[in-house]
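*Asks:* Quick one: this structure, given as structure tokens, is what I'll be asking you about.
Each value in this text was obtained by applying a stated rule to the coordinates, not by laboratory testing. Note that the structure is predicted; figures quoted are calculated from it, not measured. Positions of Cβ are backbone-derived with ideal geometry, glycine not excepted, and every protein chain shown enters the neighbour counts.
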Amino acid sequence: RAKSKGRDIYCIFTPDMYQQALKLLQLENDLKRAIERQEFLVYYQPIVCFETGKISGFEALVRWQHPSLGMVAPADFIPVAEETGLIAIIDTWVLQTACQQLRSWQQQAVIDPQISIGVNISVRLFSHPNLLEIIDQAWRDVNLNPRNLKLEITESAIMDNSEAATTILQILRESNIQLSIDDFGTGYSSLSYLHRFPVNTLKIDKSFVNCLEQSPRNIGLISSIISLAHKMEMKAIAEGIETSEQLTVLRELGCDFGQGYYFSQPLDANSALELLALNHKW
Ligand code: C2E
Ligand code: MG
Ligand code: MG
Ligand code: MG
């Protein structure tokens, strides 16, 4: 019961809200069960180097193979997984699986030793007390060179606790792990912190790439992010490239890497290796 302007206003728990709460609870239970039964899968989306035109690595993207709903996209369960803390367990599993997968590709096929694997690290996992051990163990367990591992961290994860974050990022860099800021430009975007963070790459969010051709101002914006990256001795990756026009503009602007449906959708592990074996040049 909330009082406002002298009148009593009753907060009504509508059937709608009840249904929604029920759905969330159901989702949380489903997620817990999914973790126990290992219903998750990792898909791999290629990242293309503009200088060579070839695949330089993959981003690992989680999928949930729900027994009745079918394939569930991260957008439909990651928010709940974040809220309940289950995301740290899921992320750890994705990290281990991705490291293992790349190592297995290295062992079963002749692949470029530079090929890297990018893994998304949620805010929850980034602030986990055992973060460094979890990451260390993931590459050590499968004997993967840490140079091949690239962690994608969002601006919000870093900014939530920027002092501690700087230390953690430094330790990770000292162990030769690569670091990217994911969805760059959509978070806090406080530029004052950037120079303190020892990151290798800025990933330009796909929302900027989407509307790239629509105005000179959009191009100006992307061009500025690319120069910013280069001036800070970082590389720039554009996500969400869907057309050859977008690719052309990004290349002209000096962007270093690209990722998007134009090159390939995220693929299951076998298809990803097949694509890699084609050695296609874009
Ligand atoms: P993200 O890390 O920015 O990943 C890129 C997303 O863009 C992926 O969506 C990918 O499938 C999608 N994408 C790639 N190219 C294109 C394109 O050309 N057009 C469009 N429209 N989309 C494209 P996905 O796999 O649905 O993942 C969405 C988000 O969920 C990711 O965004 C990331 O923030 C999160 N996520 C995915 N996997 C994980 C994970 O294992 N752990 C955590 N913590 N988050 C994850
Ligand atoms: Mg990412
Ligand atoms: Mg991204
Ligand atoms: Mg994004």
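*Asks:* With charges only on Cβ, +1 for K and R and -1 for D and E, what is the dipole size of region 150-282 about its Cα centre, in debye, rounded to 20? Show your work: numbers first, answer last.
*Replies:* On the way: 10 positive and 17 negative charges, 75 e Å.
Dipole magnitude for region 150-282 comes out near 360 debye.
*Asks:* Under a point spin-label approximation (7 Å from Cα along Cα-to-Cβ), what is the MET159-GLU213 distance to one decimal in nm?
*Replies:* Simple spin-label model gives 3.2 nm for this pair.
*Asks:* Under the rule of -39500 (n - 2.57) per DSSP H run of 4 or more residues, summed and divided by the residues of the chain, what mean residue ellipticity at 222 nm is obtained, to the nearest 500 deg cm²/dmol?
*Replies:* On the way: 11 runs with 125 residues, N = 282.
It lands at -13500 deg cm²/dmol.
*Asks:* I would also like to ask the following. Once the Cα atoms of helix 269-278 and of the chain are each reduced to a long axis, what angle between those two axes, in degrees from 0 to 90 to the nearest 10, is obtained?
*Replies:* Between helix and principal axis, roughly 20 degrees.
*Asks:* How compact is region 54-140 by the rule of thumb for globular proteins, expressed as Cα Rg over 2.2 N^0.38 Å?
*Replies:* Rounded to two decimals, the normalised Rg is 1.20.
*Asks:* With the Cα gyration tensor of region 145-197 in hand, convert its eigenvalues to equivalent ellipsoid semi-axes via √(5λ) and list them largest first in whole Å.
*Replies:* On the way: eigenvalues 76, 32, 13 Å².
Gyration-tensor ellipsoid for region 145-197: 19, 13, 8 Å.
*Asks:* Now a separate question. Can you give the convex hull volume per residue for the Cα atoms of region 115-229, as a whole number of Å³?
*Replies:* On the way: hull volume 12.3 nm³, N = 115.
Dividing the Cα hull volume of region 115-229 by its residues yields 107 Å³.
*Asks:* Also: Which whole-number percent gives the relative contact order of region 50-163, counting Cα pairs below 8 Å spaced six or more residues apart? Spell out each step's value before the answer.
*Replies:* Numbers: 122 pairs, mean separation 33.5, N = 114.
Once normalised by length, the contact order is 29 percent.
*Asks:* Another question about this same structure. Hey, can you rank 43-52, 125-134 by average C-beta count inside 10 Å, highest first?
*Replies:* Details: 43-52: 19.8, 125-134: 16.0.
Result, highest mean Cβ count within 10 Å first: 43-52, 125-134.
*Asks:* Moving to a separate point now. Residue-wise, which Karplus ³J(HN,Hα) couplings in Hz belong to region 79-90, taking 6.51 cos²θ - 1.76 cosθ + 1.60, θ = phi - 60°, and x for glycine or proline?
*Replies:* x, 5, 5, 5, 4, 8, x, 5, 4, 4, 5, 5
*Asks:* For region 47-73 and region 108-138, write down the distance between their C-alpha centroids in whole Å.
*Replies:* 15
*Asks:* Comparing ASP16, ASP76, ASP112, which has the greatest mean-square fluctuation in the GNM of the chain with Cα pairs linked when under 10 Å apart?
*Replies:* Comparing ASP16, ASP76, ASP112 in a Gaussian network model of the chain, the most mobile one is ASP16.
*Asks:* Could you give P(r) for the chain, binned at 5 Å from zero, as whole percent values over all Cα-Cα pairs?
*Replies:* 1, 5, 11, 15, 16, 16, 14, 9, 5, 3, 2, 1, 1, 0, 0
*Asks:* Quick one: which of 22-35, 55-68 comes out on top by average Cβ neighbours within 10 Å, and what's the full order, highest first?
*Replies:* Working: 22-35: 14.6, 55-68: 19.6.
Peptide ranking by packing, descending: 55-68, 22-35.
*Asks:* What do the square roots of 5 times the Cα gyration tensor eigenvalues come to for region 172-282, in whole Å, largest first, as semi-axes of the equivalent ellipsoid? Don't skip to the answer; put the middle values down first.
*Replies:* Numbers: eigenvalues 114, 83, 27 Å².
Output for region 172-282: semi-axes of 24, 20, 12 Å.
*Asks:* Among the aspartates and glutamates, which have Cα under 20 Å from the Cα of LYS206 when same-chain residues fewer than 8 positions away are ignored?
*Replies:* Hits, sequence-local ones excluded: GLU59, ASP76, GLU152, GLU155, ASP182, ASP183, GLU239, GLU242, GLU245, GLU252, ASP256.
*Asks:* Another one. Step through the residues of region 37-48 one at a time and calculate ³J(HN,Hα) from phi using the Karplus curve (6.51 cos²θ - 1.76 cosθ + 1.60, θ = phi - 60°), rounding each to whole Hz and writing x for Gly and Pro.
*Replies:* For region 37-48, the Karplus curve yields 8, 6, 8, 8, 9, 10, 9, 10, 10, x, 10, 9 Hz.
*Asks:* In nm, to one decimal, how far is the modelled label at ASP268 from the one at ARG173, with both set 7 Å along Cα→Cβ?
*Replies:* 4.0
*Asks:* Subtracting the Cα-Cα distance from 0.36 nm times the residue separation, let me have the gained length for MET71 to LYS231 in nm, one decimal. Write down the numbers at each step before the final one.
*Replies:* On the way: separation 160, 0.36 × 160 = 57.60 nm, distance 4.13 nm.
53.5 nm is the gain from fully extending MET71 to LYS231.
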